[in-house]
Structures are given as structure tokens and as C-alpha cells.
1. According to the Cα gyration tensor, what semi-axes, each the square root of 5 times an eigenvalue, does the equivalent ellipsoid of the stretch 1-61 have, listed from largest to smallest in whole Å?
2. Between Tyr241 and Glu588, what length comes free when the chain is fully extended (0.36 nm per residue of separation minus the Cα-Cα distance, one decimal in nm)?
3. P(r) for the stretch 1-150: what percent of alpha-carbon pairs falls in each 5 Å bin, starting at zero?
4. What FRET efficiency comes out for the pair Leu151/Asp275, r = Cβ-Cβ distance, R0 = 22 Å, nearest 0.05?
5. With label points built 7 Å along Cα→Cβ from the Cα atoms of Arg258 and Arg342, find their separation and express it in nm.
6. Arrange the peptides 47-56, 550-559, 502-511 so that the one whose residues have, on average, the most other Cβ atoms within 10 Å appears first.
7. Within the accessible area of the stretch 1-58, what % is carbon and sulfur when the probe is 1.4 Å and the other protein chains stay in place?
8. Please tell me the relative contact order of the stretch 316-379 in percent, rounded to the nearest whole number, where contacts are Cα pairs under 8 Å and at least six residues apart.
Amino acid sequence: MVEPTNPKATILVVDDTPENLHLLSQELTAHGYEVRGVVNGEMALMVTQAVKIDLILLDIKMPGISGYEVCHILKNTPQTQDIPVIFLSALDEAIDKVKAFAVGGSDYITKPFQVPEVLVRVDTQLALQAARAEILQLNADLEQRVRDRTLELEKTNQDLLNEIAERQRVEIELRRSEQRYASLAAVAPVGILQTDANGHYVYVNDLWCQITGLSLENAKGLAWTQALHPDDRERVIAAWYDAAQRNQLFSLEYRFQRADGVVTWVLGRAAAEKDGKGRVTGFVGTITDITERKQAEEALRHSQETISNILASINDGFFSLDNQWCFSYLNETVAQIFKSDRATLLHQNIWQALPELANLNFCHLCQQAVAEQKDLTFEDFFPFLDAWFDIHVYPFTGGISVYFRDITERKQTEAHLVELEKLNEFKDEFLSNVSHELRSPITNIRMATKMLEIALNSDRDKSTLQHYLKILQSEAKREADLVEDLLELSRLDAERYDLELTPIYLPSLLSEILAAFSDRIAEKSQHLIVDVPSELPELVTSQLFLERIIAELVNNACKYSPMDATIKVQAAASEQELHLTVCNTGVEIPPAEYDRIFEKFYRIPHSDPFKHGGTGLGLAILKRIVNTLGASLSLISANNQTEFTVHFPRDVAGGTA
């Protein structure tokens, strides 16, 4: 930044906000001032002791000593007591302004400030300071000259004549100074006023008249108060008299109402003028037209109120976050959804106030929207609320806005519809399979019945009749088994079993069940190996279900194993489980079929070369029985052998090894 060659004045700017400091330094330098900038009160006091300062722009809230303390020290230090101090602060309460003027401030500008306003106030204060200094200096010079001339008068009459001539010259200079003051008042961008010691108006400039609609004659004394807005008149008069009686700074925002009805908002300021002995001789002040600012503030307030009412009335959530991810706004719905209240969440970092959100896709997508400055719409599940939300994220320069709507009910409905669709497909498949399985035995029964009828009406031998009768018995049993399996499956699915748990010694039970399969195994020349240690712990479970498990596994091994195959039944116990394994050779199940073989009516294609048939429900029932007992079932099929293992937890098995 290039400093001006011949600065109009040296201004000290004190502000702990670098942006404000930079802006003010840049603008003031551009307008011909030499600027010294510091960031705290201690540095400001050091600069005033080292450099001649013409005016100070002083922030109030700073680290270390405040602006009030700095001003108080300056005004109580002879070297700096006459430096005009203009306060710059975001504090806008009347008590803050009164305190500022009480410690010696010359003016007060509320942040956020407007640069043109700052420049005008700086110009005005420097002009007033220069005028006061000039007048005081002239008065001092005059008094000195009067004293000098008085001494000379005692010596010679000639000296008296010289004194008179000098006084005349001083009067001319004084008139010129007054003319300069009047010229300054005429071109100043603010209304300027001057009063006597009682606070009665004695002078106003043209701009003051334009703002208020009053002439100088109609403003003199206290006549100007009649132009005040009726709603403000009493307040302004009371404040004006109070300032005048206390010899304090007057600063107030109020309205003038002109004769044509036009209302003008002004910021009025006035400070006492004192003579060389500190006596108040009057007041000088300004009024600044702030109508546009007030209208903008009212429009903004109304707009914010309207938006807040709209957002508060909707049933969906809406909140805004600043660049630090802190809540700058949230409606009541947001607080209700997150089981909190608006006051608690407002100005809090969202990821700290609601840490559950930080691990969700919601967090990632919000950060993505900010990084790309692109609107995003998505759905996300909040596990800690057990709810789904339709979310819209809108980034902007100062942060993001988020609108979200609870869609849990819709999601549940969609999931329910998907489940219903699956159930419907399963029902259709189930009915198709059941109808096929039920029709097959009936078809065979009808055929056998027809053949019996033909045989009875012919000379067929007894063996033929027995053959057809055997078919009838076999198919009738198959039909009965299918119906029984369907009922069994239905009871298992409905969990309508009252389990009777009893201690069972597995080696004895296996011996009894395997004895029933000895003839079938012998017919196919299969080899049965039983590896069951006698020291197995007792198994506390349902004997009915356990017998069904063993019979189903051994039956499948016999049925699907080829001639000369080996069937091995094993049992073992570990610290956590008791294992029952049935393994058969000569057959292998593809891994892709591991889960499907436990489905109702499912048969592996081309896996029954001996056409044994069956209901197609055996393994489905087996799986449900195992689950009902709290056990688990595993399958390993490789190297031309298949192994089913039932795992019973030891806390169910009971006993000791």
C-alpha cells in the first residue's frame, strides 16, 4: 500500500480484526490520509506516545485492554487528550454508546460499517478539531497580544495604537475563520447544528434544513423539536436535555416528520464545546440521513421473519450450517427428530452435537456437496433413529442448507411389498410343487386300480394281482408320507411344537435306529461304519426330533449311495459342541446346490439315477428341526463323497465328556 506524499492527517486505526484493519487502512490511504494500524490497545498507547496522531478509529472489544480503557487513558494523558476518538464497534446498545461518549469518544460508528460513512465522519471530526484548534489558538494569541499590548500601553501611547491595530487584524482573521467554518458547514455531507450553553439551537446548515424540512428561523431555540416524529418527540427531547444538563455526548437514532408527511430517519450526534477554562459554551452536532439503512433493515427483518415462519410451520426438517459446520438455523422439526431442543443445537458443530451422523453416508455426501458446490438429493438410513430420510443438500458460499423428510413408512411399505412379492412367488412355486407331488401318486394309484380291474376280469395269475396291489400300497404310503411331511413342515414353520427335552445316551439310540437299516444296506451291498465313542456326554434334547434327524440322514445316505458304497456314522464331543456326522461315498453335491437342497420339493437335477423318488421335503424338514433344537447343520461334498454334520451346542448337550 503506497502512503500519500502529503497526507491530510495521520490516523491511527485500532482493530483486532485484520479484515477491518486492512479495509480501513486501504480506504483512508486512498483518500489522502497517513494510516497507522495496530491490533490491540497496548500497541495503540505506544504509538500515540511515539507518533503525532490526528484522529483515532478505535474498536471496543479487543484482547487485553478494551477500547473504553484505551480512550480513558488517552483522555487523561495531556499529550493525547485532544485527539478525537471515533469508536467502531458491533455493540449497538444505548448503554454501550453512552459509555463510549462518557470516556471521551467524539463519535460512534456501529459495525458493520459503511466506508463512505466512516470517511464522512473522519472528515467531519478532523474539520471540527481543526476549527476548534484554530479558534482556540487565535483566542490564545489574542489574549497574549492583549497582555503584551497592555504592558506596552503602560510604557507608551504609541504602543496602544499598535495594539488597537493588531486587535483589528486579529478580528479580521477571526471573521475569516468563521467564514471558513461556514463554508465547511455548507459543503459537509451531514446536517450540522450549533447550540448555546443551554442547548438551544443557534445555527443549522443547509443540509440540516433539507433533511428536516425546517428553515433556520423555524429551527432556532427549541422550535426544531416540533418537526420530530410524534412517536419520537418525547424520547428525543428527554435525551437532549439530559445530555445538555450533564454536558455529555448526545447520540440517538430518531425520526423527523416534514410538513408534507415525509418521514426521515437520522442519526443525531452532538458534543459540548468548551472554552479555554473548560466551561461549556454550547454544543456542536450533526444529523446523518439513515432512512435507506432503516428501510433495508426493516425489509430484511420482515423477510427473515417470513422465512422463519414458513420453515417453522412445515412438518419436514430444515437446518443451515455455517462454514464451520455449526447450526446457524434449525426449525422445531429438526430438534424433535434428533430428540433435542433448538437452543441446545444452535451454534453447535453438527458432528460434535450429533456424533452418530459423522459415520453415515449423510456426512460424506454433505462434505461432497460443499467441495463441489453442487446440490445433492439422496436417501439415507439413520440407525440411531431407526428411520429413513429423503435428503436435499444445497451448498452456498457461507455453508449449506439441508431439507429432509422422514420416509420410513414408505420404505417399510416398499420392503413389505418386496416381501409380499417373494411370498407370492414362493406360494405359486409351492402350490405347483405340491399339486405335482400329490398328483403323481394318485395317477399311479388310478393306473394300478385300472390294471387290477383288468386283471380281475381276465385269467391273470395271482402274482400279477399281487404286483398291482403292491403298487397301490406303495403309492398310498407315498401319498400319506407326503401329506404327513407337509403337516410336519407346517407345524415347524408355525413353531407349534412343545419340545420335551430329555437326556439321551447317543450310542444306544444310534444302535437302535441303525439296526432298522441293516436289511436295506445289505440289499445294496453297502458298508456301514459306526464310530461313536462310548464316553460321549448325554445329549439333552427332543428324542422325537433326534430320531428323525438320524433316520433322515441315514435314509438319504442309503438311498443315493450306489452299490458297494460306504456309509459312515460318527459322533464326537468338543468343549463347545457335540457333533453327529453321516458320510456316504459314491455321490457328490455341487457347491452351487448346497443351499438349494434344503428348499421344499427341490431335487438336484440328474442326481437320482436309481429313480428312488421321495416327497422332496426330507431335507427341508431336517433343516427346520435342527434350527428348532438350536443346533446347526453343515455340508461338505468333495472327492466323490458327501458329509452332513449336525452341531449341538454343549450348553444344550449337557453332561461331561
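The values are calculated or read from the model by the stated rules, or taken from the named source; none is laboratory data. All values reported here derive from a predicted model rather than from experimental measurement. Cβ placement follows ideal geometry from the backbone for every residue including glycine, while neighbour counts extend to all protein chains displayed. For accessibility, only protein heavy atoms count, side chains too; no ligands or nucleic acids. Shrake-Rupley method; radii C 1.70, N 1.55, O 1.52, S 1.80 Å.
1. Working through the eigenvalues yields semi-axes of 18, 14, 8 Å.
2. The span from Tyr241 to Glu588 would gain 114.0 nm if fully extended.
3. With a bin width of 5 Å, the distribution comes to 2, 9, 18, 22, 20, 13, 6, 4, 3, 2, 1, 0.
4. Working: r = 24 Å, r/R0 = 1.09.
Given R0 = 22 Å and the Cβ-Cβ separation, E is 0.40.
5. Here the answer is 4.1 nm between the modelled labels.
6. 550-559, 47-56, 502-511
7. 56 percent
8. Across the stretch 316-379, relative contact order equals 22 percent.
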